[in-house]
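The values are calculated or read from the model by the stated rules, or taken from the named source; none is laboratory data. Every value quoted in this text rests on a predicted model; they were computed, and no experiment measured them. As a convention, Cβ positions derive from the backbone with ideal geometry for all residues, glycine included, and neighbour counts pool all protein chains shown.
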Amino acid sequence: MTAVAPPYPSSPARPRSPLRSRRWLLWGALLLLVALMLGVMVFLAREYEEARDQAAVESDAAAVASDIRSALIRNVQTLQSLHSVVPTPDSWMAPASEVLARHREMVRLEWRDTATRLIAFRNTPYMAEPFGTMSREVALPDMRQACEAARRLSGPAFSPSYFWPLREGMGMEFMEMCLPVVRSGVPSGFLVVTYSLPGILDELGNKDMLRGHGLAFTEPDGTRLAVHSAVQGDRRVLRASTLLDLPGHSLMLQLESPRVSRSGFFGLFPNLLTAVVGALSLALLAVMAMLGRDMRRRQRAEHNLADALAFRKAMENSLVTGLRARDMQGRVTYVNPAFCQMVGFSPEELIGTGLPAPWWPPELVDEYQQRQAIRLAGQTLPREGYESVFQRKDGTRFPVLIIEAPLIDAQGVQTGFMSAIVDMTEQRRVEDLNRTSQERLQATARLATVGEMASLLSHELNQPLAAISSYATGTLNLLDGPMAGLPQADLQLAMRRIGEQADRAGRVIKSVADFVRRREHVREAIAPAALVDAIQPLLSLQAKKQDIRLQISVAADCPSVLCDRTMVEQVLLNLARNGMQAMPVGDPPSHSGLRVLTLRVALLRQPAAGRAHKRWVEFTVTDHGEGLSQEVQAQLFTPFFTTKSEGMGLGLSLCRTVIEQHGGALVHEPAQPRGTVFRFTLPAG
């Protein structure tokens with residue numbers, strides 16, 4: 001073999017020079033230095049700004065704590081004025097109410113003696129019964145602790161805060177302040193003030209400075225005792241905690257402030273020069289990073305595209321479903337190998353062809369042209385698919401299932417239609433085989449039924465034949481006598497009896513012949529009485545042999561049914577024979593005193609579920625046998641399941657199949673007082 005030279009000669013790879021290697025090393029070092037400098041600058045700037053903002057928040061927290069402390073001290077001066085003169089409990093109540101009205105942070109004022117016994121008290125008008133849910137005695141230990149501290153300090157003292165439950169499941173943190181009352185240098189009692197911590201935050205803080213900030217009293221572990229406001233949103237928050245030092249007790253005050261976010265690039269840097277240098281360095285790094293990223297993306301995209309194309313090609317070549325794409329004018333733009341193999345044309349013969357398509361049968365071209373015109377006009381067909389017929393290149397026809405959908409490009413514009421075509425030839429062959437097998441099974445069941453009744457037929461036919469023989473012998477005897485005395489009426493009666501018995505035998509034979517004979521399944525409107533009359537001779541034979549009384553009732557208003565006569569007669573005969581076999585000889589009689597098989601036909605007054613637009617005729621076969629056990633009912637319609645030693649187990653399964661093919665349903669239920677009822681429905685013709 002001769003080697004073929006490539007169209008373009010490949011140049012040998014050149015070794016990289018030491019100077020070029022050093023240049024790349026220097027560029028790499030420079031870029032690394034710039035990146036390091038930029039990172040350090042950004043880090044220092046951010047640290048500086050955070051430290052500055054944190055210091056500002058701590059300063060604000062200290063200012064808020066100082067404002068609250070000063071306000072509490074001013075409150076002490078206001079409270080001392082209540083005892084500037086010697087009050088009585090009645091005269092003390094009015095100024096106490098005025099103080100509570102001016103100071104919302106105060107919940108309760110109490111005047112107690114030196115033994116902390118209550119002399120007079122007044123509650124705030126802004127809260128209904130703050131101590132109404134629990135007894136005030138529960139908080140007395142905290143109050144006494146504050147009063148002991150006030151006695152030692154000879155001035156106001158505060159107690160630790162405590163949680164006090166309020167009405168409707170609410171609660172609030174309270175704190176007691178005890179102020180000694182001294183007259184002429186002699187202690188004469190205590191003035192106890194109950195503060196609410198939320199009230200202190202709301203009333204004593206600087207509202208202008210706290211706008212947009214969060215303020216709260218907290219435990220040392222961070223647990224919030226009272227909250228004035230909180231910073232909204234999920235932004236980063238600066239927090240500063242300061243100690244609110246009060247006589248006798250100290251509280252932790254926490255201030256929250258949202259971080260000030262600077263917009264744009266310059267928010268990262270404190271001065272313009274650093275921002276310019278950083279921007280240039282960052283731009284250089286970004287350009288080189290984008291170049292490298294674009295090269296990697298391009299290589300990755302090319303590799304992925306080649307893999308995707310190879311995978312798609314392999315997938316399309318392995319499909320057994322034909323794929324076909326057409327543009328909006330109906331021209332073929334793509335076909336896969338499965339479609340080419342299906343119709344017998346090569347891709348070159350199909351791509352670019354328009355309407356009529358080369359795989360359309362000539363006699364169906366007009367119909368297909370009209371269907372394509374509707375689709376191209378925008379009236380697309382349902383996406384569940386439709387069946388059609390294609391013609392191969394050699395002229396053979398085959399059925400197909402076509403599922404078609406719009407072909408949409410990347411801009412969302414329809415550019416054509418994409419079709420999936422499935423060859424239904426094998427499926428049709430399997431369906432034909434199943435249909436043929438079912439017909440054979442039905443014929444076999446009918447032949448088996450006739451074979452079982454052969455003995456009954458011979459016995460039944462002997463009776464009319466014997467009667468014919470007897471009437472014929474009697475007639476001959478009359479004819480052998482003197483002609484003058486021959487009674488004409490007797491001869492007519494004898495001949496009429498002979499004819500009746502011959503017709504009887506003929507009907508028996510004809511019913512069996514009609515039942516066994518195979519023919520095409522044609523549904524026609526048939527009176528239910530005709531169906532029953534066709535099988536009645538056969539049922540009468542077996543009923544007479546087993547001493548069973550046959551009751552047949554056909555409603556007068558019962559309409560004709562649309563059915564295959566032979567198949568429905570087989571169902572009726574099979575159900576009736578099963579009912580007779582369920583009442584064997586020697587079985588106890590039914591509730592009526594006789595062994596009875598009932599066959600009734602009536603118009604179903606209540607339509608079946610989901611079929612309210614149709615009328616249905618119900619056939620009922622009732623026996624009074626031993627009934628069906630739970631195990632038998634579970635497998636009653638299973639093919640090849642039988643309780644008979646000589647049965648094939650196909651009768652009831654075929655019966656249900658026949659009824660369901662007619663659109664009806666076959667069900668069973670227990671009869672009363674015993675036995676089984678089989679019901680099936682057929683559509684009215």
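What are the pairs with Cβ atoms under 6 angstrom where one residue, in the range 593-616, is of a type outside the set (A, V, I, L, M) and the other, located anywhere, is loosely packed, with under 15 Cβ neighbours inside 10 Å and at pLDDT 60 or above? Sequence gap at least six, or different chains.
THR598/GLN551; ARG600/SER553
Would you say MET134 is at negative phi and assigned to a loop (DSSP other than H, G, I, E, B)? So that I can check it myself, show each step before the final result.
Numbers: at negative phi: yes; assigned to a loop (DSSP other than H, G, I, E, B): yes.
Taking the combined requirement at face value, the residue satisfies it.
Return yes or no: is ARG293 at pLDDT 80 or above, farther than 15 Å from ILE421 by Cα and not in a strand (DSSP E or B)?
Details: at pLDDT 80 or above: no; farther than 15 Å from ILE421 by Cα: yes; not in a strand (DSSP E or B): yes.
Considered against the rule, which asks whether it is at pLDDT 80 or above, farther than 15 Å from ILE421 by Cα and not in a strand (DSSP E or B), ARG293 comes out as no.
Do we have any residue at all in the range 327-348 that's in contact (Cβ under 8 Å) with a residue 60 or more places away in the chain, over 20 Å from MET424 (Cα atoms) and of a type outside the set (A, V, I, L, M)?
Here is the first cut: in the range 327-348, the residues in contact (Cβ under 8 Å) with a residue 60 or more places away in the chain are 327-328, 333, 339, 342.
Filter again for over 20 Å from MET424 (Cα atoms), leaving 327-328, 333.
Then drop every residue that is not of a type outside the set (A, V, I, L, M), which leaves 327, 333.
Yes; the residues of the range 327-348 include at least one that is in contact (Cβ under 8 Å) with a residue 60 or more places away in the chain, over 20 Å from MET424 (Cα atoms) and of a type outside the set (A, V, I, L, M).
For residues in the range 306-339 being of a type in the set (Lys, Arg) and loosely packed, with under 14 Cβ neighbours inside 10 Å, which is farthest from the chain's Cα centre (by Cα)? Full working, then the answer.
First, pick out the residues of the range 306-339 that are of a type in the set (Lys, Arg): 312-313, 324, 326, 331.
Subsequent filtering for residues that are loosely packed, with under 14 Cβ neighbours inside 10 Å retains 312-313.
Values: ARG312: 32, LYS313: 36 Å.
Per the criteria, the residue is LYS313.
Which of the residues that make up the range 654-685 are at pLDDT 85 or above and basic (Lys, Arg)?
Residue satisfying the conditions is ARG679 alone.
Would you tally the residues in the range 394-416 being at pLDDT 80 or above and touching a helix residue (DSSP H, G or I) at 6+ places or on another chain (Cβ under 9 Å)?
Counting residues in the range 394-416 that are at pLDDT 80 or above and touching a helix residue (DSSP H, G or I) at 6+ places or on another chain (Cβ under 9 Å) gives 4.
With ARG239, ARG262, ARG211, ARG224 as the choices, which residue is over 22 Å from VAL76 (Cβ atoms), within 54 Å of the chain's Cα centre (by Cα) and at pLDDT below 70?
Numbers: ARG239 fails: at pLDDT below 70; ARG211 fails: at pLDDT below 70; ARG224 fails: at pLDDT below 70.
Exactly one of ARG239, ARG262, ARG211, ARG224 is over 22 Å from VAL76 (Cβ atoms), within 54 Å of the chain's Cα centre (by Cα) and at pLDDT below 70, namely ARG262.
Yes/no matrix, rows are residues, columns are (1) among the basic types (Lys, Arg); (2) within 55 Å of the chain's Cα centre (by Cα); (3) more than 21 Å from ALA101 (Cα to Cα):
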residue: PHE163; (1), (2), (3): no, yes, yes
residue: MET175; (1), (2), (3): no, no, no
residue: PRO187; (1), (2), (3): no, no, yes
residue: VAL193; (1), (2), (3): no, no, no
residue: GLY199; (1), (2), (3): no, yes, no
residue: LYS207; (1), (2), (3): yes, yes, no
residue: LEU251; (1), (2), (3): no, no, yes
residue: GLU256; (1), (2), (3): no, yes, yes
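Suppose we filter THR88, THR133, THR114 for residues that are among the hydroxyl-bearing types (Ser, Thr, Tyr) and within 17 Å of GLU176 (Cα to Cα); which single one remains? Let's see the steps before the verdict.
Values: THR88 fails: within 17 Å of GLU176 (Cα to Cα); THR133 fails: within 17 Å of GLU176 (Cα to Cα).
Among THR88, THR133, THR114, only THR114 is among the hydroxyl-bearing types (Ser, Thr, Tyr) and within 17 Å of GLU176 (Cα to Cα).
Can you tell me which of THR643, THR622, THR566 is modelled with pLDDT of 75 or more, over 43 Å from the mean Cα position of the chain (by Cα) and not small (Gly, Ala, Ser)?
Residue meeting the stated conditions: THR622.
Residue under question is GLY278, and the condition is that it be modelled with pLDDT under 80, farther than 15 Å from ALA63 by Cα and crowded, with 19+ Cβ neighbours inside 10 Å; does it hold? Walk me through how you get there before you give the answer.
Working: modelled with pLDDT under 80: yes; farther than 15 Å from ALA63 by Cα: yes; crowded, with 19+ Cβ neighbours inside 10 Å: yes.
Here the answer is yes, as GLY278 does meet what is asked.
Restricting attention to the range 401-429, report how many residues are surrounded by 11 or more Cβ atoms within 10 Å (Cβ to Cβ) and free of Cβ contacts under 8 Å to residues at least 40 places away in the same chain.
Pass one, the range 401-429, residues surrounded by 11 or more Cβ atoms within 10 Å (Cβ to Cβ): 401-408, 414-425, 427-428.
Going one step further and asking which of them are free of Cβ contacts under 8 Å to residues at least 40 places away in the same chain, we end up with 401-406, 408, 424-425, 427-428.
The qualifying residues number 11.
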